[in-house]
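Only one structure is covered here, and it is reproduced in the block below.
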Amino acid sequence: MRFGYRFTHSVMGLFALSILGADAPDQVAIERGRIALTSTGYLKPAWKEETYKKVGKLWGFEAPDPENDPEGYSKAFNKRYGLHPAPFPNDGYPMGLRKGNGPNGTKVGLQIDCLVCHGGSIGGTSYVGIGNSQLDLTSLLNDLTIAEGRKMPPALFTLNTARGTVNAGQIAAVLLSVRNPDMSMRTFPIPLGANFPELNTPAWWNLGPKATMYHDGRTDASSVRSNMQFMLAELSLQEFKDLESTFADIQAYLKSLTPPRYPFPIDSTRAELGKAVFTQNCAKCHGTYGSDGAVESYPSRIVELKTIGTDRVRFDGTTDRLVKHYNATWLGELSPVSEVGIGYQAPPLRGIWATAPYLHNGSVPSLATLLKSSTRPNVYRLPRSAEFENYDQTNVGWKFEPVDTALDIKALIIYEARHIFNTSRVGLGNGGHTFGDKLSEQERSDLIEYLKTL
Ligand code: HEC
Ligand code: HEC
């Protein structure tokens with residue numbers, strides 16, 4: 001009896017696999033990708049493990065004791081640097097920091113990974129793939145290095161002036177400039193002229209529908225190799241090649257992600273009215289969505305700079321020399337970056353309630369201020385955490401506190417200064433995207449109600 005049952009069970013399992021057909025391998029790749037992303041580091045360790053417990057001494061106040069109160073210490077650590085508990089096993093470290101691979105695959109020392117920027121939380125729940133709205137990467141890297149008694153190498157560019165935004169583009173451009181077209185390392189950088197600003201990290205859950213990606217839409221969204229740029233600091237061409245299939249799995253996983261639903265009540269009558277406003281004023285660029293928020297159609301439209309009118313520094317940062325050099329390497333071989341820049345890509349708006357601040361440079365704190373440009377604050381204090389106490393359900397996004405422009409931000413201690421977003425800085429301008437201005441107050445608030453459903 002028992003044998004018979006097991007036998008039938010496994011035969012049925014095989015049968016189920018075969019009728020699932022073409023979709024089945026995808027699910028398997030997605031799962032491989034999830035594991036590859038959340039369980040493995042692809043860089044060498046940069047810091048000793050014990051350094052995690054030492055950095056608290058640099059905070060200028062009595063930090064919880066990492067030995068006697070590990071939970072208190074980890075909370076304080078996460079708050080300090082804008083990190084979040086890992087929603088997967090991570091040896092007790094926050095998402096984005098992990099044990100690195102030493103010689104022979106041993107896990108020794110610490111390193112950062114994709115999720116330092118691409119993992120975050122909202123309302124106390126962590127998500128893989130939400131852009132980290134709290135991150136202070138400069139402080140994290142500085143403090144870990146200083147706590148080991150080492151000096152930070154001189155900064156070649158500003159990584160971040162405020163929390164949440166990060167100059168990932170310039171990291172990639174600088175690393176690429178010390179590679180030859182055959183990917184061998186150079187002593188002297190090639191002058192590529194690239195000069196990127198700090199950027200808002202896009203949510204991975206909107207990657208699925210995209211034909212092109214990055215804020216300027218110049219890269220084919222099916223490019224696996226472009227997702228590997230983060231490892232340019234260390235990997236040899238052969239190592240890149242060996243990891244390509246793993247990154248194809250990771251990409252399949254990223255494309256499978258979906259956003260969390262809006263957790264507060266939604267007025268369905270007003271949302272229905274808002275949907276009509278959206279269809280008329282927004283859908284041609286941002287696409288259309290079903291009742292469950294799923295994408296029905298998405299045009300992957302890149303809008304000319306003069307029409308969108310948002311800050312142009314990110315756009316100008318992609319120089320012809322950078323594009324030509326990237327395209328000459330293994331990274332650009334299969335999916336070259338487009339030689340023609342148009343403007344910025346209108347992203348899908350799935351899960352938009354959870355991804356404030358808005359625009360490619362994170363310069364606008366809420367949907368209400370995005371859709372009425374005269375109300376956008378120029379200098380303001382950012383939320384102190386991604387908890388719901390700092391979340392604004394009416395304006396949808398972060399509560400913010402305007403800062404008197406007479407305030408001398410430079411005179412503040414750095415921890416405080418990085419809680420202030422200053423739109424007068426290069427690349428952080430909050431102009432443009434004025435498509436909501438012409439709407440009536442009623443239409444705008446109905447529209448915001450609708451956006452909560454996506
Ligand atoms: C230092 C922060 C940081 C790290 C680390 C990082 N990214 Fe990103 N990522 C960004 C930012 C910022 C952008 C937007 C860049 C732009 O458009 O100019 C981005 C864009 C992307 C996009 C395009 C998303 C879209 O919809 O346009 C993908 C895919 C991506 N990153 C994958 C990865 C992977 C995989 C890793 C790790 C191997 C990684 N990133 C590491 C910050 C980071
Ligand atoms: C002409 C095309 C176009 C129209 C019309 C348009 N948008 Fe956009 N939208 C864009 C582009 C392009 C961006 C990205 C701009 C940037 O980041 O600099 C954007 C960005 C956004 C963002 C921020 C996305 C993010 O992740 O930060 C939101 C929200 C948004 N639009 C909502 C709307 C709504 C609501 C409407 C209708 C009132 C609308 N848009 C009309 C092109 C458009």
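Brief remarks follow.
- Among residues of region 432-447 that are within 26 Å of residue 312 (Cβ to Cβ), those with a Cβ under 8 angstrom from a residue that is within 16 Å of ligand 1 (Cβ to nearest atom) and assigned to a loop (DSSP other than H, G, I, E, B), sequence gap 6+ or separate chain, pair up as 432/310; 432/311; 432/359; 433/310; 433/359.
- Counting only helices (runs of 4 or more DSSP H) wholly contained in region 253-349, the ones carrying 1 or more residues that are free of Cβ contacts under 8 Å to residues at least 40 places away in the same chain occupy 268-281, 283-286, 305-308, 320-328.
- Taken across region 386-395, residues that are touching a helix residue (DSSP H, G or I) at 6+ places or on another chain (Cβ under 9 Å), in a strand (DSSP E or B) and surrounded by fewer than 20 Cβ atoms within 10 Å (Cβ to Cβ) do occur, with at least one present.
- Filtering 290, 274 for residues that are more than 22 Å from residue 178 (Cα to Cα), away from ligand 2 (no atom under 13 Å from the Cβ) and out of contact with any Ser or Thr (no Cβ under 6 Å at 6 or more places or on another chain) leaves a single hit, 290.
- Qualifying residue in region 299-322 (condition: more than 14 Å from ligand 1 (Cβ to nearest atom), at pLDDT 95 or above and at positive phi): yes
- Remark: residue 247 falls outside the filter, which requires a residue to be modelled with pLDDT under 95, surrounded by 17 or more Cβ atoms within 10 Å (Cβ to Cβ) and closer than 29 Å to residue 125 by Cβ.
- Region 62-99: number of residues that are assigned to a loop (DSSP other than H, G, I, E, B), crowded, with 18+ Cβ neighbours inside 10 Å and polar (S, T, N, Q): 1
- Checked against the criterion of being without any contact (Cβ under 8 Å) to a residue 40 or more places away in the chain, over 22 Å from residue 310 (Cβ atoms) and within 13 Å of ligand 1 (Cβ to nearest atom), the candidates 167, 227 yield just one match: 227.
- Hits in region 96-151 - residues which are within 18 Å of residue 235 (Cα to Cα) and free of Cβ contacts under 8 Å to residues at least 12 places away in the same chain: 103, 104, 105, 106
- Residues being acidic (Asp, Glu) and over 11 Å from residue 41 (Cβ atoms) - total across region 92-146: 2
- Within region 303-319, if we keep just the residues that are near ligand 2 (Cβ under 7 Å from one of its atoms) and of a type in the set (A, V, I, L, M, F, W, C), the residue that is farthest from residue 344 (Cα to Cα) turns out to be 308.
- Residue 247 vs. criteria assigned to a helix (DSSP H, G or I), under 18 Å from the mean Cα position of the chain (by Cα), away from ligand 2 (no atom under 14 Å from the Cβ) and aromatic (Phe, Trp, Tyr): yes
The values are calculated or read from the model by the stated rules, or taken from the named source; none is laboratory data. Quick caveat: nothing in here was measured; it's all calculated off a predicted structure. In this analysis, Cβ positions are derived from the backbone assuming ideal geometry, glycine residues included, and neighbour counts consider all displayed protein chains.
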